[in-house]
Structure formats: C-alpha cells, structure tokens
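What follows draws every value from the coordinates through simple rules; no lab data is involved. Keep in mind that this is a model prediction, so the values were computed, not measured. Here Cβ is always computed from backbone atoms with ideal geometry, including for glycine, and neighbour counts include all displayed protein chains.
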Amino acid sequence: MSTGRTTPDETESTGASTAETAATSQSTASTGETLLDVQNLKKYYDDDGLFGDPVQAVDGVSFDLRKGETLGVVGESGCGKTTLGRTILGLEEATDGSVIADGRDVTEISGAERREWQRDAQMVFQDPDSSLNDRMTVGEIIREPLDAHDWQTAEDRRARVFELIDKVGLREEHYYRYPHQFSGGQRQRIGIARALALEPEFIVLDEPVSALDVSVQARIINLLDRLQDDLGLTYLFIAHDLSVVRHICDRVAVMYLGNVVELGETEAVYTDPAHPYTVSLLSAIPGSFGPDRDRITLRGTPPSPRDPPQGCRFVTRCPAKVRPDEYDELSEAAWSSIESLHTVFRARANADESVLDRLKAMLGRSVREDVAETRTDLFGGLDLPSEVGSVIDEAVDRARTGDDEGAAELLREEFGSVCNAEQPDEHVVDADGRFSKCVRHQDGYDDPGAVIERRANR
Ligand code: SF4
C-alpha cells in the first residue's frame with residue numbers, strides 16, 4: 001500500500017475520487033515472508049440442527065498473508081468478507097480449518113496465547129459512528145485496550161495515548177473530548193489509534209472508509225499507508241469499492257458465497273480477470289480491463305448461504321457455465337429463465353424467505369403459491385424447443401404437487417453439467433501464482449473470458 005500524502009484536514013473537499021486522490025501505486029514493502037497461513041477455514045452459523053441447515057458464511061477459505069502486504073478482500077455484500085476477517089481474528093469461533101501464525105493455530109489457542117494474539121491482531125471497523133462509546137472520552141477509548149491488557153504503568157499508558165493521538169493526526173486537547181464532538185474522519189482516526197494501541201503486527205480493516213465522504217476517505221487511506229510504512233503493518237483490507245482496492249492493495253482475493261474464487265496480484269486480476277465472477281464484478285468499473293467490454297449483469301439473485309448450490313457456488317449465475325452439448329444453441333434468455341426457475345424451486349424447497357423475497361422483488365409477485373404463473377412469467381415470450389418445454393412442464397408439475405426438491409433435481413439433471421457436479425479446484429493461472437477456481441481452466445474447455453464474450457454477442 002503506497003499513496004500520496006495529505007494533511008489531516010477533514011473539511012476540505014476536492015471532488016476527486018478516493019482512488020485518484022489517495023493512491024498512486026501498490027506497495028513493494030511486503031517481505032514475501034508468510035505472516036498468516038489460512039487453511040480451509042469455515043464459519044457456519046446455526047450448525048446445531050435446530051434451524052435446519054447451517055448458514056455457511058465462510059466455507060473452506062485458504063490463502064497466505066505476507067508480512068507487510070495489503071491483501072484486499074472484495075465481493076458482494078453478504079459474501080462472507082467480514083465474517084472471514086472476524087474469524088481470523090478470533091472474534092468468531094471457527095467451525096473448521098486453521099489460521100497458522102507464528103507456528104500455532106490461532107483458532108485453537110486460549111489463555112495467555114490468546115491474549116497475545118489479541119494484541120498482535122486488531123480490527124478497524126466500518127462505521128466510526130457506532131464503533132466508539134460516546135460516553136467515554138477519546139483518551140479513555142484509546143487507553144481501553146491498554147488497560148484490558150494491563151500494559152505497563154498507568155503513566156506509561158497515558159503517555160502512549162498521547163503518542164497515538166499524535167500519530168493518527170489528532171491534537172493533544174482531543175484527549176479530553178467525546179466522540180460526538182468529532183467529524184466522521186476524525187472518529188475513524190480515533191478507531192485507528194485504538195487499534196494501534198497494543199502495537200499489533202496485523203490489522204483487519206473492515207470497510208474503513210466506506211462510511212466517509214470521498215475527500216476524507218483519501219486522507220484516512222493516506223494515514224493507513226503511512227502507518228503501514230512506519231510500523232511495518234500487514235493489512236487485510238475488506239472493501240466493496242473496487243477502485244480503492246485496485247489502487248492500494250498488493251493482492252486481491254475475490255469472494256463469492258463464502259469462498260475465495262480468485263486470488264492474485266491486484267493489477268493482474270484487474271487487467272485480466274480469470275474467474276467468471278471476477279470478470280462480472282470488474283465489468284462494473286468502466287474501462288477496467290478493456291475499452292469495449294460492457295457491464296455484465298448477473299442473472300438471478302445470489303443463492304442462500306444456508307443452501308449453496310452443489311458443485312460450483314457460482315453456477316446459478318455464471319455467464320460462462322459449461323452447458324450440455326445438446327442444448328448449446330438455446331438462447332441466453334432461455335438459459336436465464338431456466339436458472340431462475342431452478343432458483344425458485346430451490347428456494348421453495350428450503351422455504352428460504354430471504355431468497356423468496358428477493359425473487360418476489362425481481363418478478364413483481366410471490367413465487368410461493370402458483371408456480372404455473374411463474375413459468376408463464378419466465379418463459380412466456382420465449383420460443384422454446386419442444387423437448388426443453390416438456391422438461392420444464394414436468395418440473396412445474398412436480399412443484400405443483402409439492403415436490404419442489406424433485407423439480408429442482410430434474411432441472412439440474414437435464415440442464416446441469418460438470419459445473420453442477422463438482423466444486424472446482426484451484427487452478428494456477430499466471431506465473432505469480434494467481435489462482436482461480438473454475439473448471440474452464442482445465443484442458444478441453446474454452447477460456448471463461450472468451451465464452452462470456454461469445455455469449456454476450458449472440
Ligand atoms: S466452474 Fe462452471 S459455473 Fe463455476 S465459474 Fe467456472 S464455468 Fe462458471
């Protein structure tokens with residue numbers, strides 16, 4: 001992470017984007033030494049069986065974090081980014097997997113070892129308005145972790161707080177004030193000072209600037225950059241602003257439905273994305289990897305993490321999904337409707353209210369009751385080959401008799417492929433070790449980008 005620097009004036013507004021104002025290039029400060037080795041990390045909620053299937057918020061994430069680097073984590077809201085950060089820190093108990101730091105698995109430690117990890121690894125939260133206790137002074141807030149860890153003497157703690165106040169660009173007199181007396185950017189500086197109090201090596205930055213004005217965002221990013229240089233910090237930078245991530249992160253991990261689907265050097269990922277989800281996500285940035293490529297609108301809604309698809313997690317929305325040869329000529333509109341109908345059956349089978357509500361918003365009416373009407377909505381204007389129409393009719397008949405699971409299964413058997421059958425392995429896609437989890441990187445399949453382009457031009 002390396003950026004241009006500015007003074008901490010929170011009131012000035014330049015009108016420029018955060019990335020333009022704050023950042024010019026990524027850091028070369030990473031030593032290449034591994035700080036954290038995350039292996040097959042899982043975090044499931046409601047996994048006691050009382051509420052049906054567990055919510056698979058993080059489902060088998062593996063990566064290493066190098067000392068001194070900034071690793072970005074991007075993905076749609078609800079993809080598991082924040083849960084991943086919290087589970088690494090131990091704020092959430094891991095369901096499975098390991099996080100190795102200094103030769104020990106920090107998901108297993110307790111007592112003195114745990115307290116040591118809590119000192120070494122900190123978090124800066126998204127919303128500075130709700131993450132600071134308004135009844136405590138700034139001095140008390142920053143001193144709190146020092147008190148909790150019984151850090152040196154009371155006098156040392158007080159001196160340390162003044163040192164931190166200065167380090168984050170606040171003034172001495174701010175020690176006695178309360179958070180509500182500060183602007184959003186200043187409040188985030190207080191949160192950063194608190195995170196730095198115990199001299200951590202590693203900080204999870206959970207959308208640290210997304211609640212701030214653009215000009216203030218740039219100043220906070222510059223501050224984080226300076227602190228990283230001065231203190232040798234390693235960052236996990238969780239964000240949804242893809243432009244900011246491009247300019248400040250050394251590497252980027254792309255998450256979808258609890259999984260990291262692609263991870264590599266930031267510039268390589270942004271200029272030549274390998275995974276179909278990355279291609280779709282980055283297409284939202286004008287000119288990000290090609291002047292002529294249009295934005296890709298993903299079909300349907302994200303599946304529920306309580307009931308992720310079998311096989312590839314991205315299969316229900318993937319614009320490059322491998323299709324059965326016999327249906328290769330089917331129109332994109334027909335495929336889109338088939339995938340949507342599949343989602344309807346799966347949501348009905350699992351009584352998944354959140355997905356059913358999203359489908360209602362998409363179709364303009366409830367899909368709970370009359371599935372025949374849903375068929376008309378989705379396929380009404382389409383000219384379907386008779387064999388396709390027959391399969392869909394049979395699936396609708398099954399759903400009408402209450403067999404939503406059988407209906408979903410029939411569509412999966414008939415229109416599914418290797419993408420539905422197996423979870424893709426990691427495939428190394430460049431000389432720097434970037435990986436992407438997509439079967440299309442195997443021999444015998446067309447490249448995802450080429451397939452997306454071809455289908456978009458049909
Ligand atoms: S495995 Fe299939 S569904 Fe998954 S990303 Fe690759 S092409 Fe798409």
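Values as computed for the structure displayed
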| read-out | value |
| --- | --- |
| Where N is the number of residues in the range 122-281, Cα Rg divided by 2.2 N^0.38 Å | 1.14 |
| Likely footprinting exposure, VAL322, VAL58, VAL38, fewest C-beta neighbours within 10 Å first | VAL322, VAL38, VAL58 |
| Cut-off 16 Å, label 7 Å out along Cα→Cβ of ASN133, residues of the range 180-194 by amide N | 180, 191, 194 |
| C-alpha long axis of helix 386-400 to longest principal axis of the chain, angle in ° | 70 |
| Per-pair calculated FRET efficiency, R0 = 22 Å: ASP37 and PHE162 via Cβ, rounded to 0.05 | 0.05 |
| Exposure proxy order (Cβ contacts within 10 Å, fewest to most) of ASP272, ASP432 | ASP432, ASP272 |
| Computed over the range 260-334, Kirkwood Rh from alpha-carbon pairs, angstrom | 14.1 |
| Student exercise, the chain dipole from Lys, Arg, Asp, Glu Cβ charges, in Debye to nearest 20 | 1100 |
| Over 25 Å [Cα-Cα, the range 65-184], rounded percent | 39 |
| Ellipsoid semi-axes in whole angstrom, largest first, where each is sqrt(5λ) of the Cα gyration tensor of the range 2-271 | 28, 24, 18 |
| Kirkwood Rh, angstrom, the range 325-416 [1 / mean 1/r, Cα pairs] | 13.1 |
| ARG177, ARG219 arranged by Cβ crowding within 10 Å, fewest neighbours leading | ARG177, ARG219 |
| Kirkwood Rh, angstrom, the range 115-185 [1 / mean 1/r, Cα pairs] | 13.0 |
| Separation of alpha-carbon centers, the range 50-99 and the range 215-250, rounded to whole Å | 20 |
| Angle between the chain longest axis and helix 184-196 axis [Cα atoms, degrees, rounded to 10] | 80 |
| Residue-averaged [θ]222 nm for the chain, counting only DSSP H segments that reach four residues, each worth -39500 (n - 2.57) | -11500 deg cm²/dmol |
| Built amide H within the under 5 Å cut-off of THR234, gap 5+ | GLY68, PHE202, ILE203 |
| Rg to Rh, two decimals, where the chain supplies the alpha carbon set and Rh follows Kirkwood | 1.02 |
| Unsatisfied cross-links (Cα-Cα over 27 Å) in the set LYS43/LYS437; LYS43/LYS360; LYS42/LYS437; LYS321/LYS360; LYS67/LYS437; LYS81/LYS167 | LYS43/LYS360; LYS81/LYS167 |
